[in-house]
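Worksheet: one structure, shown below.
Any read-out appearing in this document is the output of simple, stated calculations on the displayed coordinates, not a laboratory observation. Computed from a predicted structure; not experimentally measured. Backbone-built Cβ (ideal geometry, glycine too); neighbour counts: all protein chains shown.
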Amino acid sequence: MQRVADLDTPVMVVDLDVLEGNIKRLQDDIDSLGLASRPHIKTHKIPNIGQMQLKAGATGITCQKLGEAEVFADAGFEDILVPYNIVGPSKLERLTRLARRAHLTVAVDSEVTARGVAEASQEAGTNVDLLVEVDSGGHRAGVQTAQEAQTLARKIADFPGVTFGGFMCYPSRPPMGDLFAEARDLLQRDGVPVTTVSGGGTGAQRVSKETGCTEHRSGTYIYNDLSVLRSGKCTIDQCAMSVLVTVVSTSCPGYSTIDGGSKTFTSDALRRDDSNGYVRECPDVYLERMNEEHGVLSLSKLPAGAPRPQVGEKLHVVPNHACGTTNLHDVVYGYRRRGGEEVVEVEWPIPARGKIR
Ligand SMILES: Cc1ncc(COP(=O)(O)O)c(C=O)c1O
């Protein structure tokens with residue numbers, strides 16, 4: 001029997017009972033809303049977990065980058081959405097290779113990008129479904145109005161090598177309802193059918209439903225993290241993933257230092273006046289600062305007389321951002337609590353980590 005407490009640190013660990021609960025709860029909720037579920041694998045990047053999501057009822061998966069999609073296609077996944085503008089000859093070549101072995105849907109927000117996919121796909125003799133990305137307020141990509149969505153959709157409908165499928169946005173936000181409805185109406189008049197409207201975001205499935213989406217993409221829900229906890233969309237008991245770390249120094253007054261910093265947790269969503277990680281064993285201690293390989297736990301909020309973390313002690317830290325943390329680790333250990341012990345049940349490599357192309 002291998003115990004989590006005996007693992008060398010820093011190391012990512014996942015409570016399998018909590019993970020399974022998160023998968024079931026989301027799938028039940030999405031089913032009750034009558035939406036299709038297309039989880040985003042960016043949070044875990046592990047085909048075994050993707051299989052668990054499909055088994056629970058997901059209709060397909062979402063991969064942000066082609067490299068992630070390639071890893072999952074290699075593992076046998078057949079229905080993949082890449083909600084990302086694919087630009088440039090080398091990526092288009094990879095995209096068409098992927099389209100030969102999986103049903104591929106890609107989001108685009110410009111005629112240039114759509115034409116690129118269409119020409120590559122036609123030349124390769126494949127077909128790719130295209131969704132028009134609509135900006136829901138994040139201002140990172142997406143057409144801005146229903147009219148722009150209509151114009152691009154009509155062009156796509158005329159291109160060979162691709163099929164217009166509908167729209168996508170991230171994250172789902174209430175104002176999208178009017179925009180999607182208007183775009184649908186405009187295209188109905190043009191005789192262009194809209195079959196898919198894809199929304200996303202942890203905790204946003206109801207918004208997806210209310211704005212007329214047909215499917216929902218959730219990512220972070222699988223592990224949850226401190227950002228989701230702070231937003232009130234999960235409880236600490238629903239945080240499945242943590243990083244096991246060891247206290248390596250208590251020499252600096254008012255601080256205990258752990259063996260994980262920004263190369264373990266990322267510096268994503270870093271906050272100045274609040275904790276940058278939830279320390280399960282000692283929630284009053286907060287992760288104040290990170291250097292690359294040091295995490296500095298402030299003891300300033302520790303009640304008087306409470307024990308401070310000691311050198312050699314191991315702590316579970318729930319990170320600010322689960323997805324960024326995953327991208328830094330080669331492996332995650334899945335465990336279950338049995339008789340007061342955390343017992344390791346599985347060691348999963350993370351094959352889609354670092355696949356940023
Ligand atoms: C396009 C897209 N869809 C879905 C998601 C999943 O969102 P969340 O992690 O909030 O569930 C993301 C997250 O970055 C995303 O970029």
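Observations on the structure shown:
- Computed log10 I(q)/I(0) for region 221-333 at 0.14, 0.17 Å⁻¹: -0.50, -0.75, from the Debye equation with unit scatterers placed on every C-alpha and solvent omitted.
- Here region 1-146 is treated as a sphere whose radius is the Kirkwood value from Cα pairs; by Stokes-Einstein at 25 °C and 0.890 mPa s it diffuses with a coefficient of 144 µm²/s.
- Scattering curve values for region 242-301, log₁₀ I(q)/I(0), Debye with Cα scatterers, q = 0.14, 0.17, 0.24, 0.30 Å⁻¹: -0.31, -0.47, -0.99, -1.54
- Under the combined filter of DSSP loop state and at most 11 neighbouring Cβ atoms within 10 Å, region 52-160 retains these trypsin sites (Lys or Arg not before Pro): ARG100, ARG140.
- Subset of LYS91/LYS263; LYS209/LYS314; LYS24/LYS355; LYS209/LYS263; LYS91/LYS155 violating a 32 Å alpha-carbon distance limit: LYS209/LYS314; LYS209/LYS263
- Per residue, the average separation of C-alpha pairs within less than 8 Å and at least 6 apart gives region 200-324 a relative contact order of 29 percent.
- For region 1-78, Kirkwood radius (reciprocal of mean inverse C-alpha pair distance, Å): 14.0
- Gaussian network model of the chain, Cα within-10 Å springs - most flexible of GLY21, GLY232, GLY57: GLY232
- Distance cut-off 16 Å, percentage of C-alpha pairs in region 138-186 lying past it: 40
- Extent along the principal axes, Cα only, for region 17-57: 27, 20, 16 Å, with the longest axis given first.
- DSSP bridge analysis restricted to the chain gives an antiparallel fraction near 50%, rounded to the nearest 5.
- The GluC sites (Glu not before Pro) of region 252-357 meeting both criteria, a DSSP state outside H, G, I, E and B (loop) and at most 12 other C-beta atoms within 10 angstrom of the site's C-beta, are GLU281, GLU292.
- Euclidean distance of C-alpha centroids, region 100-130 and region 297-357, integer Å: 40
- In plain terms, if you count all Cα to Cα distances in region 176-261 and split them into 5 Å steps from zero, the share in each step is 3, 12, 14, 12, 12, 11, 8, 7, 6, 5, 4, 3, 2, 1, 0 percent.
- The base-10 log of I(q)/I(0) for region 92-173, evaluated at q = 0.11, 0.15, 0.18 Å⁻¹, reads -0.27, -0.49, -0.68 [Debye formula, identical scatterers on Cα atoms, solvent excluded].
- Ranked MET1, MET241, MET52, MET168, criterion: other C-beta atoms within 10 Å, fewest first: MET1, MET52, MET241, MET168
- Residues GLU20, GLU70, GLU148, ranked from the fewest to the most other C-beta atoms within 10 Å, line up as GLU20, GLU148, GLU70.
- Structure remark: mean-square fluctuation, Gaussian network model of the chain, C-alpha springs under 10 Å; the largest value among ALA304, ALA153, ALA75 belongs to ALA304.
- Packing-based exposure ordering (other Cβ within 10 Å, fewest first) of SER136, SER262: SER262, SER136
- Considering every alpha-carbon pair of the chain, the percent of pairs per 10 Å bin, from zero through the bin containing the longest distance, is 5, 24, 29, 22, 13, 6, 1, 0.
- Amide N of region 264-303 lying under 13 Å from the label point, which is placed 7 angstrom from the Cα of ARG230 along Cα→Cβ: 267-278, 287-289
- Two-site label geometry, SER251 and SER298: point separation in nm, points 7 Å out along Cα→Cβ: 2.3
- Within a Gaussian network of the chain (alpha carbon springs, distance under 10 Å), most fluctuating of LEU187, LEU302, LEU81: LEU302
- Expected 222 nm ellipticity per residue - DSSP helices of 4 or more, -39500 (n - 2.57), all of the chain, to 500: -9000 deg cm²/dmol
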